[in-house]
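The structure appears below as structure tokens.
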Amino acid sequence: MNVHQIPFGALLRRWRERRRMTQADLALAAGGSTRHLSCLETGKAQPSRDMIGRLSECLEVPLRDRNDLLLAAGYAPTFRESAMDALGIPQAAMKRVIDAHTPYPAFVVDRRWNVVLSNGALPQLYEGCAPDLLAAPVNAMRLILHPSGMAPRILNYAEWRGYSLALLRRQIEANADPVLRALSAEISAYPLPRPPAESSCFAGSDQFATPLRLMTRLGPVSFLNTIMVFGTANDITLAELALEMLFPGDDITARTVERMLAEAE
């Protein structure tokens with residue numbers, strides 16, 4: 001075992017406590033005994049590969065971290081981590097979806113919100129953003145919320161930042177990624193910008209969900225967003241990707257997008 005490798009029992013206990021489960025709760029869910037689970041956590045017993053799989057399922061451990069549990073117990077990792085351009089059919093499927101969503105923005109982000117695929121729609125939305133925020137790899141969270149990014153033109157910045165920080169908190173609770181912790185702390189420290197004069201012409205796009213409301217030089221726009229993931233991924237890279245699509249939140253936005261398209265022709 002590598003001298004820096006955290007013992008399996010310590011890792012298991014971390015995940016159990018992170019999920020706020022008692023030993024009895026986890027033992028019952030995994031079909032084992034509390035005594036055996038206690039022995040696993042103290043290192044007095046060695047888990048089987050099957051037991052690691054059952055415990056990981058009960059604790060909803062991400063694939064990347066399941067490999068760490070396997071390695072800590074002395075087993076070879078099960079889940080591979082492919083390069084983005086080696087995903088083949090899944091990558092092609094994501095590209096078809098985001099291309100079909102044109103003219104509305106759609107993009108794919110990795111586990112740290114870096115954009116790995118995009119349909120490049122509506123460049124007018126990113127006017128005025130600092131060039132370094134638009135340089136690859138673009139971090140979607142930072143681009144939208146940074147004072148030198150889209151933040152000064154977001155009409156409901158406080159709401160959108162709150163939504164974004166809530167997303168990050170859920171991710172951090174799920175996998176405790178230190179990079180996401182740093183990103184969350186960075187965004188929390190951004191100053192609240194003074195929003196542009198808010199238009200009263202929005203047609204209730206926030207009745208059902210919080211929209212991203214943005215002022216552009218062609219007028220205000222309001223987008224509803226959806227986030228999709230692959231539900232049965234067995235590859236670490238694929239499991240950590242999320243596809244985000246923006247839909248017009250009202251008729252005003254649809255008409256403004258038509259003007260943006262006409263301008264680009």
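Quick look at the numbers
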read-out	value
Neighbour-limited loop hits for GluC sites (Glu not before Pro), the range 7-64 (at most 13 other Cβ within 10 Å; DSSP other than H, G, I, E, B)	Glu60
Computed helical MRE - 222 nm, the chain, DSSP H runs ≥ 4 contributing -39500 (n - 2.57), nearest 500	-13500 deg cm²/dmol
Assigned charges on the beta-carbon of Lys, Arg, Asp, Glu; the range 8-72 dipole about Cα centre (debye)	120
Contact order normalised by residue count of the range 8-72, Cα under 8 Å, 6+ apart, percent	39
Lys/Arg +1, Asp/Glu -1 at C-beta; the chain dipole; positive extreme among His101, Leu117, Ala158	Ala158
Euclidean distance between Cα centres, the range 48-80 to the range 28-44, Å	15
15 Å cut-off, amide nitrogen to a point 7 angstrom out along Arg112 Cα→Cβ, residues in the range 222-265	237, 240-241
Amide N proximity, the range 63-84 versus Met21 label position 7 Å along Cα-to-Cβ, cut-off under 13 Å	none
The range 73-195 pair-distance distribution - Cα-Cα, 10 Å bins, rounded %	11, 35, 35, 14, 4, 0
Relative contact order (%) - criterion: Cα under 8 Å, at least six apart; region: the chain	18
Dipole magnitude (debye, nearest 20) for the range 86-264, charges at Cβ of Lys, Arg, Asp, Glu	200
By average C-beta atoms within 10 angstrom, highest first, the peptides 109-120, 129-140, 175-186	109-120, 175-186, 129-140
Neighbour cut-off at most 11 other Cβ (10 Å), DSSP loop, trypsin sites (Lys or Arg not before Pro), the range 1-84	Arg20, Lys44
The range 8-72: radius of gyration and largest Cα-Cα distance (Dmax), Å	10.2, 28
Inverse of mean 1/r across different Cα pairs in the chain, Kirkwood, Å	20.9
Dipole of the chain [Lys/Arg +1, Asp/Glu -1 at C-beta], most positive-end residue of Met51, Pro178, Val138	Met51
Segment Thr102-Glu60, extension gain: residue separation times 0.36 nm, minus the distance between their alpha carbons	11.7 nm
For the range 124-265, alpha-carbon Rg over 2.2 N^0.38 Å	1.12
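Quick note: the coordinates plus some simple rules give every number you see, no bench work behind them. Only a predicted model underlies this, so the values are computations on that prediction, with no experimental measurement involved. Cβ coordinates were reconstructed from backbone atoms using ideal geometry, including for glycine residues, and neighbour counts include every protein chain displayed.
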